[in-house]
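**Q** I'd like to ask some things about the structure below.
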Amino acid sequence: MKLVLLHGRAQEDKDPHELRDRWVSALRRGIEGIGHTLPIDERDIVFPYYGDALRDATSDDPDTLAMVRYPLREHVEDDLGCAVLHECLHGAGLTEAIVDELAPRDPSLDPRLVASLSNEWVQRGLSLLDRHVPGMSARSLAMTANDVAVYLENPAVRDHIEAGVAHAFDSCGTEPTVVVGHSFGSILAYRMLRAGGRITCPVRALITLGSPLGIGAVRRALDPIGHPPLVARWSNAYDDRDVVALHPLDHEYFAVSPRIRNHGGVRNPSDNHHRIDGYLHDPIVAGWIVAALESD
């Protein structure tokens, strides 16, 4: 039995071994919280580190909130990054009416960054996040949207990131495997398992945590969606205060067959409600992982 842990974005320049230790420690604490012990040897835990590869493939100016990877387009729905941000801002309660009231149009905004009303609205909405939505970071959300857009729309970027992850999966051979993907890692896990070819091990369970797969723009970019053929069971957990995990992966937002089991009762204690520690400490999530690793 193998356990594969797929981290999210913003892990660049970190020591892969220390990051892996943090995940395993959080997992142990969650499992011990429900009266169990980690049912596999730590040597059977696979931790593909792709933080530097993601940074190298997607980074632009780290100090700007602009979606600078792609040319700004006339309508927000035509720009995947902006469409993701638009939906997340609404999910955080920043509707057009609220943004217009709290952040009126600024004629001094750089016209190179504001090529359309849609993108200007996104910029103004982001400017309110840090002040009006507790625990949310405008920069972090903007960079998340940018990374997701670049990964999904650029085949060269996908190949660059997925090559290292596929190599790590090779160590699983044909052994039954449990895959846990957090945030961006859930998109990576889904796309690679859905596409097939690079991963050949039977996946006993896919467990996604804080996943943005339910965001409409992300789902449309992945069309046609479907249950990954290698995956026996898919479970998804989210904190309804986590704006990245905007929607459950249910029949309305991610309709696949067999249906995904959803748990929306996570109460992630971190400031942004998105950190992996809080998800792995959740007793339901810990129970899913234990059950998948112990099942015959």
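The values are calculated or read from the model by the stated rules, or taken from the named source; none is laboratory data. All values reported here derive from a predicted model rather than from experimental measurement. Here the Cβ positions follow ideal geometry from the backbone for every residue, glycine too, while neighbour counts run over all protein chains shown.
**Q** Only one of these is free of Cβ contacts under 8 Å to residues at least 60 places away in the same chain, among the basic types (Lys, Arg) and within 20 Å of Tyr49 (Cβ to Cβ): Arg220, Arg191. Name it.
**A** Arg191
**Q** Sticking with this one: Which is surrounded by 18 or more Cβ atoms within 10 Å (Cβ to Cβ), at pLDDT 95 or above and not in a strand (DSSP E or B), of Tyr253, Tyr190?
**A** After applying the criteria, what remains is Tyr190.
Table: residues versus (1) surrounded by 15 or more Cβ atoms within 10 Å (Cβ to Cβ); (2) of a type outside the set (Lys, Arg); (3) out of contact with any Cys (no Cβ under 8 Å at 6 or more places or on another chain).
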{"position": "Ala156", "(1), (2), (3)": "no, yes, yes"}
{"position": "Phe169", "(1), (2), (3)": "yes, yes, no"}
{"position": "Cys172", "(1), (2), (3)": "yes, yes, no"}
{"position": "Cys201", "(1), (2), (3)": "yes, yes, no"}
{"position": "Ala205", "(1), (2), (3)": "yes, yes, yes"}
{"position": "Leu209", "(1), (2), (3)": "yes, yes, yes"}
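**Q** Here is a follow-up. With respect to the numbered conditions (1) assigned by TED's automatic domain parsing to the domain that holds Trp288; (2) touching a helix residue (DSSP H, G or I) at 6+ places or on another chain (Cβ under 7 Å), which one is the sole condition not fulfilled by Thr177?
**A** Of everything listed in (1) assigned by TED's automatic domain parsing to the domain that holds Trp288; (2) touching a helix residue (DSSP H, G or I) at 6+ places or on another chain (Cβ under 7 Å), Thr177 misses just condition (2).
**Q** Right, something else. If Asn236 passes every condition in (1) part of a strand (DSSP E or B); (2) at pLDDT below 95; (3) not basic (Lys, Arg) but one, which one does it miss?
**A** (2)
**Q** I need the full set of residues from the stretch 79-133 which are at pLDDT below 75, under 25 Å from Ser211 (Cα atoms) and not in a helix (DSSP H, G or I), in order please.
**A** Within the stretch 79-133, just Val133 meets the criteria.
**Q** Any chance you could count how many residues in the stretch 194-226 are in a helix (DSSP H, G or I) and of a type in the set (Gly, Ala, Ser)?
**A** Final tally of qualifying residues: 4.
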